[in-house]
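Working notes for the structure below.
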Amino acid sequence: MSTYELYYWPTIPGRGEPVRLTFAMAEVAYRDMAREAEDGYALLLSFNAGEHPEGHPFAPPYLVIEEDGERTLHWQSAHLCDLVAARHGLYAEADRSRAASLGLTLADLMDEAHDTHHPLATGLYYEDQKDAAQVRAKHFREERIPKFLGFFESQLDDTGHLVGGRPSPVDAVLWHVREGLRHAFPKAMASFAGRWPKLDAMTIADHPPLRAYLDSEGRIPFNEDGIFRRYPELDGAVE
């Protein structure tokens with residue numbers, strides 16, 4: 001039997017949330033280690049510094065899998081989603097490459113959303129780059145959101161799913177990212193009402209395993225420390 005330990009910042013959805021959503025879709029138990037720890041940030045920083053026997057990964061989220069007494073370390077959000085999904089049969093093998101490609105594209109969209117409020121450097125405060133952020137956010141609202149969401153609209157099949165004609169983790173992550181965009185850019189997203197009917201019709205949030213997670217304490221609300229931050233000055237209607 002395998003056990004899973006997820007290591008990610010304890011107060012934000014961030015890049016750890018796609019992994020949590022994948023576990024929810026698989027109905028597989030895992031430990032969210034930083035949220036269990038007395039000081040979750042110290043735990044993550046010690047991992048970042050290479051102070052754990054499993055290895056020295058680059059940046060969270062990390063996943064430690066234990067099987068038969070052996071512990072292996074894995075990282076990169078999209079890779080972790082693919083790994084968990086494959087181990088628990090969430091995709092047919094023939095669909096795995098497509099699912100992984102879509103997951104990486106969603107990771108790109110999340111990165112671009114993050115860069116609207118940190119366009120110059122992650123090491124600077126938002127207040128140190130507000131002018132550049134307004135330029136970046138305007139381009140993101142007007143050009144990048146339609147490009148990404150238009151692409152995903154084209155990828156949904158007649159059943160309303162992205163892969164294999166059934167609910168899957170990439171459906172869940174797409175739903176999550178769209179909700180994040182609605183949180184961060186409510187005016188811009190309202191401008192697109194009715195533009196992508198297949199996205200509007202997605203029912204993945206009602207899929208019982210995912211619904212159970214979304215209604216649980218495990219689901220961390222969007223907040224202004226994560227990827228999708230609501231800064232009113234970065235939002236605006238799109239013509």
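No value in this document is a laboratory result; all are computed from the given coordinates. All figures in this text were calculated on a predicted structure; none of them were measured in a lab. Cβ atoms come from the backbone with ideal geometry, glycine included; neighbour counts cover every protein chain shown.
Remarks
- Neighbourhood charge, 12 Å Cβ-Cβ cut-off, centred on A205 and excluding it, Lys, Arg +1 and Asp, Glu -1: -1
- Global size of the chain as Cα Rg and Dmax, reported in angstrom: 18.0, 58
- Total formal charge among the other residues, if their Cβ is under 13 angstrom from that of M110, Lys/Arg +1 and Asp/Glu -1: -2
- For the chain: relative contact order, % (alpha-carbon pairs under 8 angstrom, 6 or more apart): 22 percent
- Rounded, prolate or oblate (a/c below 1.5 giving rounded, otherwise prolate when a/b exceeds b/c) for segment 63-122 by Cα gyration tensor: oblate
- Stretched out straight at 0.36 nm per residue, the stretch from K130 to E70 would grow longer than its current Cα-Cα span by 16.9 nm.
- For the chain, calculated [θ]222 nm from helices alone, where every DSSP H run of n ≥ 4 adds -39500 (n - 2.57): -13500 deg cm²/dmol
- Other residues with beta-carbon under 11 Å from the beta-carbon of E54 carry, at +1 per Lys or Arg and -1 per Asp or Glu, a net charge of -3.
- Whichever aspartates and glutamates have a C-alpha closer than 14 Å to that of K130, once near sequence neighbours (fewer than 8 apart) are set aside: D115, E233, D235
- Ranked packing of 169-175, 211-217, 127-133, 225-231, most packed first, by mean Cβ within 10 Å: 169-175, 225-231, 127-133, 211-217
- Working ranking of peptides 38-44, 99-105 by packing, defined as the average number of other Cβ atoms within 10 Å per residue, highest first, is 99-105, 38-44.
- R0 of 35 Å, Cβ-Cβ distance D158-D111: FRET efficiency to nearest 0.05: 0.70
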